[in-house]
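In what follows, a structure is listed as structure tokens, so that the remarks can point back to it.
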Amino acid sequence: MNLLVISAILAAMVGMRFLKPSMLAWIAIWWLGMFAILEFGFAVPIPASVIKIYMGIITLSLIAYVLTDPERVEQVWNPIVAFTVEKRFQPLLVVVGLLIPCVVAWSIYADMTKSKQAPSFARTVHPAPPDQITVHDTDYPLGFADNPYRTLEASAPEEFAARVQAGRDVYYSNCLWCHGDVMAGEGMFAHALNPIPTSFEDPGTIAMLREAFLFWRIAKGAPGMPDEGGPWESAMPAWENFLSEEEMWNVILFLYDFTDYKPRAVELH
Amino acid sequence: MKRKLPPIPVLLGVLAMIAVIAAAFMFRFASYFDESLSYKSPTRVVTEQAETPRQQALAEQVEAERQAALERPYEEAEYRAFPRIGSRVAIWVVAQLHLLFAAFVLAVPIFAVTIEFIGYRTGEKRYDRLAYEFTKLLSVSFSFTAALGAGLTFMLIIFYPKFTNYLMSVFSPTFLPYVLLFFAEAGFMYSYYYGWGKFSPKVHLFLGVMLNVVGTCIMLIANAWLTFMSTPSGIAESGALISTWDAINNYTWMPINIHRVIANIAYGGSIAGAYAAYQFLKAKTDEERAHFDWMGYMGNFVAICGLLPLPFAGYWLASEIYAFSQTMGLTMMGGAFSWLFIIQAVLIGNLFLFANWYLWLGMGRIKGAERYRSFIWPMLVVITICFAVWATPRSILSTTEEIQAMGGSSHPVLGYLGVMSAKNTAVNILILTTFLSFVLYRRSGKIPTVSWAKLGNRIQFLIFLAAASTVIGYGIAGYFVDAKTRIGFSVPQVGSVLLALVLVTLIDSFLLRGAATTETNWGKIRPISQYILILLAVTFTWIMGLMGYVRSGLRQHWHVYGVIRDTSVDAYTPTLGYATTVVSVTVLIFFALIGFIFFLAGLSGKKSFVAEPTPEPRGGDGTLEAGDSPSPTAMQV
């Protein structure tokens, strides 16, 4: 977050409070202030679709705030009525009247002349896995499969640690280049890819998923992505062509061990 | 008696019609005589014109097809197509309309009987009148439900005969009880409605309770059929039936039962509230306005009561779907259907905002409510923040540049708001705030007189604070634990909120005992509040349609998930835009129909038709003179 920008906007809003603006002006200040925070207050810009949702909510709340109190309604409504009917505002009204089509024309011009972009697509975070996959002639029902070595964590901690270590070796030999040394999706090849690889540090990724899901993604990679929700634009190789099943389960143990997340457990009815 | 002639244009019109008909007959006769009297050669027989080779081939083809049809053995069709929109959309719309009416018909008796019981216990007639007002909406809705249900059944048999046959084979033992229960429901429904004031109160209440029991049983049976389609059990992999009871008691049967009962109450309350709003807006007297204002308030109260526990019931249902199939769970929450949950989140956030807004506007009719006005803006801020968190998407709709900037479809900061810990926290705080609004509304017209009033207020404040702290604390902790533990955190979060609801209500009931009351001017509320009630009903209906589609659409290309595959031309998931359009059109049709029901229900309170007496003739001799109108008759509405 750009704390400096946010602080400046909030300070400006507090400062405006001392000027005792009218209710209408105050509502406008709030609206613009919130918009400015959302638009400029984040180091990584918030996508326009989310800003629209947030601004919709803020607009609705401001309307509710005004309409809840008859006095506020008058404080907002009266200046608008005065502006449209009183003679002293006529020159300004004419300016506004001319400004509206100008703004519309400008927005159309801006829309038509902006640089061309590749079409966007609604990418989903978690592709839906198939019910079952086959890896090296072994069938894995993904709904019920679990990491065969997970139980070692309690029953044989030393063997478990050895497997985590083995997984570490697999990771730093194969996955490091894209997913990065701290698993934030910032490996040395990452910025040649669009979108960049998944960050395992993100609480919405491996922390939400079962180990069998990771096994599917690692084993089948981009070629195994489902038709639904595509195009996936993933560069993930199908690691079943390079790694054994044991190695893939080991690297999954390491991913959770490194990030300190726990996998989602299999829930049975 | 001299009769007045019809106006000249009418006479001319009639004459023109007669002339056109006469001309048509004359033309037909003329052509007949022309054919029969025309010259026919006595020596040359007119032979039929020879068929062209194409006509001969077509005739042979028709004959061959007829022969083939005669020789072909009977085969049951797997699918039949509905014209233009396709079978799936046709079934979808009818099923959704049936469900919307059924939900209303099941919900209204629940709170009608409750309100009637309150009236019976307190002796206040207004409760009895209110319960009757609610029940008035039932009879036509019941007929619509039945008609749509029959339509749905026939359409399933016609368009999906093989699948329907399979479903009937699995659930054959449930169909006869269903029909019998339906008869019983009709009996209880109409005796409850028409017997109002005719039976003793206890007998009448018994009828109402039985209506609810029978209605709920019907819903339980129907729920078994539809949940089986999504989460089948009790059958072999081939689809062969092993146990009917297991087929009924499948993964999502009980979660759906609970979810639907609660959702029906919320939805029924909102529709009844919309009816009250409609009547309020067209009311002509203060008395009418006061009555329908109160009815709208009660409808909204019922809707909020249902809305508060609804997210938890929905959460249980979703977790059962995930438990049944990881694929389904991920398709729902992280995959293609997750976008619909963003719309759902926005709509649910709207529900909370509207419900609170209505309560705040309602404070305007209560003298003494001014002292709570300063609480409104902080509550609005909290609701806005929670609404924003609740509606934050995990997978964000973004342009290519935005995705590049974010490094994926998840924002590095907003990503933290799009996950379960944040959402659960937001929705629990929304519920607490809505409850606080209700408590303040209730307090507006009452001034506690008990000696421990201050202490009571402080204890209530501490309870709210403790509940909010628990919810936020577990919400933050949820980021640092495994998924199973995180899911488990929802229990103390919900528990603390529910406990706060119970404790604060309990303290309130003692605190306000013998409280001084201020005047409540029913009917003196700003009209915008009534539009909010209508918006609430529309939003509820829209959510039901949307989530109904999600629940059903999750099966994707399966009739019965993993067992009976959909091999029809409709075996694909429609685009989100198309799906939401179908849902929206269905909601529009529903409101057109429910508007008609509102109109019919409104008629029952009107004066009867009375023909006005014939006006005295001018001359006093019983004759009308030129220019006089015939005696008008008018419907007294």
Computed over chain B: relative contact order in percent, which uses C-alpha pairs under 8 Å that are six or more apart: 16
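Per residue, how many Å² of accessible area does the protein assembly as shown show with a 1.4 Å probe? Kindly include the intermediate steps, with their values, before the conclusion.
On the way: 46570 Å² over 906 residues.
On a per-residue basis, the protein assembly as shown sits at 51 Å².
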Sparse-neighbour loop sites [GluC sites (Glu not before Pro); the stretch B:102-175; at most 15 other C-beta within 10 Å; DSSP]: B:E124
Coarse-grained scattering of the stretch B:304-459 at q = 0.18, 0.20, 0.21 Å⁻¹, given as base-10 log I(q)/I(0) from a Debye sum over alpha-carbon atoms: -1.10, -1.25, -1.33
For B:W558, distant residues with modelled amide H under 5 Å away: B:D566
Heavy-atom accessible surface of the stretch B:289-390: percent carbon and sulfur, 1.4 Å: 76
Two-site FRET efficiency, B:F510 against A:N194, from Cβ-Cβ distance with R₀ of 60 Å, rounded to 0.05: 0.40
Charge dipole of the protein assembly as shown about the Cα centre (unit charges at C-beta), most positive-ward option of A:A219, B:N250, B:V261: B:V261
Relative contact order, percent, chain A [alpha-carbon distance under 8 Å, six or more residues apart]: 15
Long-range amide H partners of A:Q132 with built H, under 5 Å: A:L142
Cross-link partners of A:K116 among lysines (Cα-Cα below 24 Å; sequence separation of 8 or more within a chain): A:K52
Karplus (6.51, -1.76, 1.60) ³J(HN,Hα), θ = phi - 60°, over the stretch A:56-72, in Hz, Gly and Pro reported as x: x, 5, 5, 4, 4, 5, 5, 4, 4, 4, 6, 6, 6, 10, x, 5, 5
Dipole moment magnitude, nearest 20 debye, the protein assembly as shown about Cα centre, only Lys, Arg, Asp, Glu C-beta charged: 4040
Reachable aspartates and glutamates, given that their alpha-carbon falls under 20 Å from the alpha-carbon of A:K220 and they are not under 8 places away in the same chain: A:D131, A:D137, A:D139, A:D146, A:E211, A:E228, A:E233, A:E240, A:E245, A:E246, A:E247
Protein accessible area in the stretch B:86-187, 1.4 Å probe - carbon and sulfur %: 73
Total charge dipole magnitude, chain B, about the Cα centre, Cβ charges on Lys, Arg, Asp, Glu only, Debye to nearest 20: 2200
Separation between Cα centres of the stretch B:468-535 and the stretch B:557-609, rounded to whole Å: 32
Proximal lysines relative to A:K87, as straight alpha-carbon distance under 29 Å, when same-chain residues fewer than 8 apart are discounted: A:K20
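Taking all pairs of distinct Cα atoms, average 1/r, flip it, and tell me the Kirkwood hydrodynamic radius of chain A in Å to one decimal place.
Numbers: mean 1/r = 0.0422 Å⁻¹.
Its Kirkwood hydrodynamic radius stands at 23.7 Å.
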0 to 90° range, to nearest 10: angle between helix B:453-477 axis and chain B longest Cα axis: 70
Estimated vicinal HN-Hα couplings, Hz - the stretch B:73-86 in sequence order (Karplus 6.51, -1.76, 1.60; Gly, Pro = x): x, 5, 10, 6, 6, 7, 9, 10, 9, 8, x, 6, 8, x
Charged-residue dipole, Cβ positions (Lys, Arg, Asp, Glu), the stretch A:132-259 about Cα centre, Debye nearest 20: 140
Inter-label distance, nm, simple model (7 Å from Cα along the C-beta direction), B:E287/B:F375: 3.5
Chain B: angle of helix B:125-136 to the longest principal axis, Cα-based, in degrees nearest 10: 40
Zero-based 5 Å bins, Cα pair distances in the stretch B:209-267, whole percents: 4, 19, 24, 22, 14, 9, 5, 2, 0
Global geometry of the protein assembly as shown, whether rounded, prolate or oblate, following the gyration tensor of its Cα atoms and the 1.5 cut on a/c: oblate
Restraint check, B:K446/B:K524; B:K136/B:K524; B:K284/B:K446; A:K262/B:K484, Cα-Cα greater than 20 Å: B:K136/B:K524; B:K284/B:K446
Per-residue mean of C-beta atoms belonging to partner chains within 10 Å, peptide B:373-383: 2
Chains B and A together, accessible area buried on both sides, 1.4 angstrom probe, square angstrom: 5400
Residue-span extension gain [A:L176 to A:M112] - 0.36 nm each, minus C-alpha spacing: 18.8 nm
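The values are calculated or read from the model by the stated rules, or taken from the named source; none is laboratory data. Since this is a predicted model, take the numbers as computed values, not measurements. Cβ atoms come from the backbone with ideal geometry, glycine included; neighbour counts cover every protein chain shown. Please note that ligands, DNA and RNA were not included when accessible areas were found on the heavy atoms of the full protein model with its side chains. Shrake-Rupley method; radii C 1.70, N 1.55, O 1.52, S 1.80 Å.
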